[in-house]
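Student: Below is a structure I'd like to ask you about.
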Amino acid sequence: MVSATSRYDLHCHSTYSDGVLTPAAVVARAVGRGVDVLALTDHDQVAGNAEARAAAADAGIQFACGVEISASFESLTVHVVGLGVDPDDATLSQGLAGVRAGRHGRAQRIGDSLAEAGIPDAYLGARRLAGSDALVARTHFARYLVEIGRAKDTRAVFRRYLTPGKPGYVRHAWATLADAIAWIHGAGGDAVLAHPGRYPCSPTALRRLLGQFRDLGGDALEVISPAHTPAQFTEFATHARVYGLRGSVGSDFHAPDESWMDLGAMPPLPDGVTPVWADW
Ligand code: AMP
Ligand code: MN
Ligand code: MN
Ligand code: MN
């Protein structure tokens, strides 16, 4: 039963993208950690939702089908979470297939770029950890580089290799912000700007992003995210009110040993922010 004190976690990943647990195992862990309402939001992929939805129904928790779409805004990569989408929607599926095709080419270019930096076979290593070439993320490269002893953990790999200016970073054009929001709305979902505090941009560029997201019909900001400090919880709660957006909460859980926050471990949405789930 959903109530005023229900625990929401509306952002997490499974083996269908760069998480390490199957959708059913994500649901089981969420249930064990007291989550009442869960959304699975794999990168550029909706295929894990059927398994998660069935597991959530068996366990008796509320579940929203989700996705986290990679999008480009000016020179930034931003993530738009879709909540309550129909995973069988044809336009969303076609759009995501296009994003995944671009991602596949990017993964090969990351591999080439790491090879030039003296790390051969990184694409094959990342692809093996991803399980297939359907969705290879930088996370898989990071885990492979840890495996071969290039760094002590994935965060160190990102710092040294996979971020702008580093040898394994390649620029890439993802979906447009307009398309990402339109696909989500077309599939009946709410569009949430994920972890807005994590984008490396000036305060002015952030305001342009928030304004454009709102003008394109975006619904909510992910106010509570492990990418944010407590001061940013307050800052993004204010931005949500000022821009007329709702608020969301998500752990961005990927793996028991790797994630910043476990499923269901977030503080509640600050007072004064309308939750994205207000009329679910
Ligand atoms: P991609 O969509 O392939 O560019 O990969 C993005 C993913 O990399 C994110 O969803 C996170 O899972 C992971 N990631 C990004 N930055 C970091 C970081 N600094 N440390 C660890 N993981 C990161
Ligand atoms: Mn990820
Ligand atoms: Mn993200
Ligand atoms: Mn995520």
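Student: Determine, at each q value in 0.12, 0.18, 0.19 (inverse angstroms), the log₁₀ of I(q)/I(0) that the Debye formula gives when each Cα of region 156-280 is one equal point scatterer.
Tutor: -0.51, -1.11, -1.20
Student: Springs between alpha-carbon atoms under 10 Å, Gaussian network over the chain: tell me which of Arg103, Arg143, Arg207 tops the mean-square fluctuations.
Tutor: It is Arg207.
Student: Right, next: For the chain, calculate the relative contact order in percent as a whole number, restricting contacts to Cα pairs under 8 Å that are 6 or more residues apart.
Tutor: Reported relative contact order: 20 percent.
Student: Provide the FRET efficiency to the nearest 0.05 for the Arg155-Thr238 pair, computing r from the beta carbons and using R0 = 22 Å.
Tutor: 0.15
Student: Given springs between every Cα pair under 10 Å in a Gaussian network model of the chain, which of Ser202, Ser75, Ser225 has the largest fluctuation?
Tutor: Taking springs between Cα atoms under 10 Å, the residue moving most is Ser202.
Student: Suppose R0 equals 41 Å. What FRET efficiency, 1/(1 + (r/R0)^6) with r the Cβ-Cβ distance, do Thr5 and Ala227 give to the nearest 0.05?
Tutor: For Thr5 and Ala227, the calculated efficiency is 0.95.
Student: While we're on this one: May I ask for the distance between the Cα centers of region 151-200 and region 1-45, given as a whole number of Å?
Tutor: 20
Student: Under 11 Å from a label point 7 Å along Cα→Cβ of Leu124: give me every residue in region 134-152 with its amide N that close.
Tutor: none
Student: Under a point spin-label approximation (7 Å from Cα along Cα-to-Cβ), what is the Asp215-Gln94 distance to one decimal in nm?
Tutor: That separation, rounded to one decimal, is 2.7 nm.
Student: Any idea what diffusion coefficient the chain gets from Stokes-Einstein, in µm²/s, Kirkwood Rh on alpha carbon pairs, 25 °C, 0.890 mPa s?
Tutor: The estimated diffusion coefficient comes to 130 µm²/s.
Student: What residue among Val249, Val31, Val80 has the largest mean-square fluctuation in a Gaussian network model of the chain, using Cα springs under 10 Å?
Tutor: Looking only at Val249, Val31, Val80, the largest GNM fluctuation is found for Val31.
Student: Evaluate the charge dipole of the chain about its Cα centre and quote only its size in Debye, nearest 20, assuming +1 on the Cβ of each Lys and Arg and -1 on the Cβ of each Asp and Glu.
Tutor: Using only the charged Cβ atoms, the result is roughly 960 debye.
Student: Next up: Is region 1-153 rounded, prolate or oblate when judged by the Cα gyration tensor, a ≥ b ≥ c being the square roots of its eigenvalues, rounded requiring a/c under 1.5 and prolate requiring a/b larger than b/c?
Tutor: Prolate.
Student: Right, here's the next one. State, as an integer percentage, the relative contact order of region 184-280 based on alpha-carbon contacts under 8 Å between residues 6 or more apart.
Tutor: Relative contact order of region 184-280: 26 percent.
Student: Under the Karplus relation 6.51 cos²θ - 1.76 cosθ + 1.60, θ = phi - 60°, what is the ordered set of whole-Hz ³J(HN,Hα) values for region 127-140, x standing for Gly and Pro?
Tutor: Each residue of region 127-140 in turn: 4, 4, 5, 6, x, 6, 9, 5, 8, 9, 10, 4, 4, 5 Hz.
Student: Please find the FRET efficiency linking Ala101 to Asp262, where r is the Cβ-Cβ separation and R0 is fixed at 25 Å, and quote it to the nearest 0.05.
Tutor: 0.15
Student: Okay, moving on. With point charges of +1 on the Cβ of Lys and Arg and -1 on the Cβ of Asp and Glu, referenced to the Cα centre of the chain, which listed residue (Ala178, Gly165, Ala107) lies farthest in the positive direction of the dipole?
Tutor: So the residue furthest toward the plus end is Gly165.
No value in this document is a laboratory result; all are computed from the given coordinates. Keep in mind that this is a model prediction, so the values were computed, not measured. Here Cβ is always computed from backbone atoms with ideal geometry, including for glycine, and neighbour counts include all displayed protein chains.
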